[in-house]
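S.K.: This is the structure I want to talk about, given as structure tokens.
The values are calculated or read from the model by the stated rules, or taken from the named source; none is laboratory data. Fair warning: this is a prediction, and the values are worked out from it, not measured in the lab. Cβ coordinates were reconstructed from backbone atoms using ideal geometry, including for glycine residues, and neighbour counts include every protein chain displayed. Heads up: the accessible areas ignore ligands, DNA and RNA and are worked out on the full protein's heavy atoms, side chains in. Shrake-Rupley method; radii C 1.70, N 1.55, O 1.52, S 1.80 Å.
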Amino acid sequence: MHWANLLVLCPMASYQLAAFPFAAALHHLSASGHLSPTARYVSLLAGGCLLASTAMGSYAMLLFIPTAGSVLVLLSVSPARVHTWVFSLQMSWQTLCHLGLRSQELDPQDIRPAVILSATMLLTQKVTSLALDIHEGTVTLQPSQGLLQRALPLCSYLLFFPALLGGPLCSFRRFQAQIEFSGTSHRPLGAAGRRCLCALALQALRAGLEGQLAAMQGCAGLSCVQSTWTQALLFKLAYYSHWMLDEALLEAAGFGPEAGQGDLSGSDLWMLETTNRVAVFARTWNKSTSRWLRRLIFQRCPAQPLLATFAFSAWWHGLQPGQVFGFLCWAIMVEADYRIHPFLRAQAVSRGAKLLYYGATWLFTQLIIAYILVAVETESFAELHLLWTSSSSILPLSYSLALLLLLIKKPKQN
């Protein structure tokens, strides 16, 4: 997910690490009963405003304005219409931010525009998720309370600093429960420490591989496949390490995700690297965002929900050429995956054939995902054209052709 430009990840990691002692101290005070719920809301909100101002500078206003507007809508619009209003206003604002910032001649060394775009995307996740909760009746805002009493938890949730720059989506109900009843449980810091060590190990591995990629600049023929796979590996290692770091910060602050609800666990990492199914990779990659997209788009779309989900994901990420191409390609590959695997499994009868089936489809999945990740990170038509005309396009085109042939033969089997 979550970042418009991979180059911004390292500076963002430094901000996340700097927030660790504050998150741990705040959680300790909360768990020991030294802070009231109101003080916790204020502390998390103040920390978020401070972090946003430090990391984004004047661009932080692009985050504060939609936050204030969303809170106003959540408090004033009826539950039946709140989701429509919030979704329309937030996605309109986010799209204007993407288009406006990218139309300007910005300093390539200035990371603040990329940071604000990332934070705005995360804000969209939180505010639309909360609006759906209100619309479905699982969250109720007490009208009997004063305006400030109702607005403070909402503002704190949308801007609380452990999840401002990253992290799996934390529901408002879980956030509120942790604030109101944080004195009843104390989460150890050991889990956060282990996640930090894993993140540092992945970053070290990525740094060691960067030199090899630098020596492979430019490709011809089938060597483009290896170059694309190596680039994608660097992207994956960067995302894996930052998802772990994000979850570690939430753990330190006492908002760690429930089992199986985070972005990346050890079992998820194993699944991502060993699965032979493009569809399984798509569901496991950035899991909290996948669940959010499923709830927001897939389960609510009456026609072509798979295509609509990936198309919306391209919109949410910013509608750059590579993002549009990459996510639509991903949708086609998932649809092809649903149909190709039942067909191949039916042909693999002997043990040797089954091993060949798994090994070949694992390799195909790795190369297709690598192609998609590199496409999504591509920012210009020229770079996208080079990728499209390279030998790396052979497998995606083959899967697309297989999908067309199988569509004629039989219906989809999941």
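S.K.: Given the criteria at pLDDT below 90, of a type in the set (A, V, I, L, M, F, W, C) and part of a loop (DSSP other than H, G, I, E, B), does residue 169 qualify?
M.R.: On the way: at pLDDT below 90: no; of a type in the set (A, V, I, L, M, F, W, C): yes; part of a loop (DSSP other than H, G, I, E, B): yes.
Considered against the rule, which asks whether it is at pLDDT below 90, of a type in the set (A, V, I, L, M, F, W, C) and part of a loop (DSSP other than H, G, I, E, B), residue 169 comes out as no.
S.K.: Right, something else. Do you know which of the residues in segment 93-114 that are over 21 Å from residue 324 (Cα atoms) and under 22 Å from the mean Cα position of the chain (by Cα) is most open to solvent (accessible area, probe 1.4 Å)?
M.R.: Step by step, filter segment 93-114, then rank; the result is 112.
S.K.: Also, I was wondering about something else. Go over the candidates 387, 363 one by one and state the one that is within 23 Å of residue 334 (Cβ to Cβ) and free of Cβ contacts under 8 Å to residues at least 24 places away in the same chain. Explain how you work it out, then say what you get.
M.R.: Values: 387 fails: free of Cβ contacts under 8 Å to residues at least 24 places away in the same chain.
Being within 23 Å of residue 334 (Cβ to Cβ) and free of Cβ contacts under 8 Å to residues at least 24 places away in the same chain holds for just one of 387, 363, which is 363.
S.K.: Just checking, which of 40, 102, 81 is closer than 24 Å to residue 254 by Cα and basic (Lys, Arg)? Give the derivation first.
M.R.: Details: 102 fails: closer than 24 Å to residue 254 by Cα; 81 fails: closer than 24 Å to residue 254 by Cα.
Among 40, 102, 81, only 40 is closer than 24 Å to residue 254 by Cα and basic (Lys, Arg).
S.K.: Restricting the search to segment 270-291, which residues are out of contact with any Asp or Glu (no Cβ under 9 Å at 6 or more places or on another chain) and under 30 Å from residue 25 (Cβ atoms)?
M.R.: Answer for segment 270-291, where residues must be out of contact with any Asp or Glu (no Cβ under 9 Å at 6 or more places or on another chain) and under 30 Å from residue 25 (Cβ atoms): there is none.
S.K.: Still on this model: Say whether the condition of being within 17 Å of residue 160 (Cα to Cα), modelled with pLDDT under 90 and of a type in the set (Phe, Trp, Tyr) is met by at least one residue in segment 21-28.
M.R.: Yes, segment 21-28 contains at least one residue that is within 17 Å of residue 160 (Cα to Cα), modelled with pLDDT under 90 and of a type in the set (Phe, Trp, Tyr).
S.K.: Tell me which residues, restricted to segment 172-181, are open to solvent by 20 Å² or more (accessible area, probe 1.4 Å) and in a helix (DSSP H, G or I). Give the derivation first.
M.R.: Kept after step one, since they are open to solvent by 20 Å² or more (accessible area, probe 1.4 Å), are these residues of segment 172-181: 173-174, 176-178, 180-181.
Within segment 172-181, 173, 174, 176, 177, 178, 180 qualify.
S.K.: Give segment 239-291 a look and list any residue that's assigned to a helix (DSSP H, G or I), small (Gly, Ala, Ser) and either within 12 Å of the chain's Cα centre (by Cα) or surrounded by fewer than 22 Cβ atoms within 10 Å (Cβ to Cβ) (or both), or say none. First the steps, then the outcome.
M.R.: Applying the first criterion (assigned to a helix (DSSP H, G or I)) to segment 239-291 yields 239-253, 266-274, 278-284, 287-291.
Filter again for small (Gly, Ala, Ser), leaving 241, 248, 252-253, 266-267, 279, 282, 288, 290.
Within segment 239-291, 266, 267, 279, 282, 288, 290 qualify.
S.K.: Still on this structure, please answer the following. Restricting attention to segment 22-46, which residues are within 23 Å of the chain's Cα centre (by Cα) and open to solvent by less than 20 Å² (accessible area, probe 1.4 Å)?
M.R.: Initially, segment 22-46 is screened for residues within 23 Å of the chain's Cα centre (by Cα), giving 23, 44-45.
Correct list: 23, 44.
S.K.: Just need a number here: residues in segment 156-169 that are open to solvent by 10 Å² or more (accessible area, probe 1.4 Å) and out of contact with any Gly (no Cβ under 9 Å at 6 or more places or on another chain).
M.R.: Summing the residues that are open to solvent by 10 Å² or more (accessible area, probe 1.4 Å) and out of contact with any Gly (no Cβ under 9 Å at 6 or more places or on another chain) in segment 156-169 gives 1.
S.K.: Could you tell me which residue of segment 311-332 is surrounded by the most Cβ atoms within 10 Å (Cβ to Cβ), considering only residues that are more than 15 Å from the chain's Cα centre (by Cα) and part of a loop (DSSP other than H, G, I, E, B)?
M.R.: 320
S.K.: Regarding segment 379-394, can at least one residue be identified that is buried (at least 21 other Cβ atoms within 10 Å of the Cβ) and either closer than 30 Å to residue 108 by Cα or in the same structural domain as residue 277 (by the TED database) (or both)?
M.R.: Looking only at segment 379-394, we keep the residues that are buried (at least 21 other Cβ atoms within 10 Å of the Cβ), and these are 392.
If we keep only those that are either closer than 30 Å to residue 108 by Cα or in the same structural domain as residue 277 (by the TED database) (or both) as well, we get 392.
Among the residues of segment 379-394, at least one is buried (at least 21 other Cβ atoms within 10 Å of the Cβ) and either closer than 30 Å to residue 108 by Cα or in the same structural domain as residue 277 (by the TED database) (or both), which makes the answer yes.
S.K.: Ok, one more. For segment 56-70, name all the residues that are of a type in the set (A, V, I, L, M, F, W, C) and open to solvent by 40 Å² or more (accessible area, probe 1.4 Å).
M.R.: So in segment 56-70, the residues of a type in the set (A, V, I, L, M, F, W, C) come out as 56, 60-65, 68.
Hits for segment 56-70 are 61, 62, 64, 65, 68.
S.K.: Quick one: which residue in 90, 16 is in contact (Cβ under 8 Å) with a residue 24 or more places away in the chain and either closer than 17 Å to residue 253 by Cβ or open to solvent by 70 Å² or more (accessible area, probe 1.4 Å) (or both)?
M.R.: Details: 90 fails: either closer than 17 Å to residue 253 by Cβ or open to solvent by 70 Å² or more (accessible area, probe 1.4 Å) (or both).
Every option except 16 fails the conditions.
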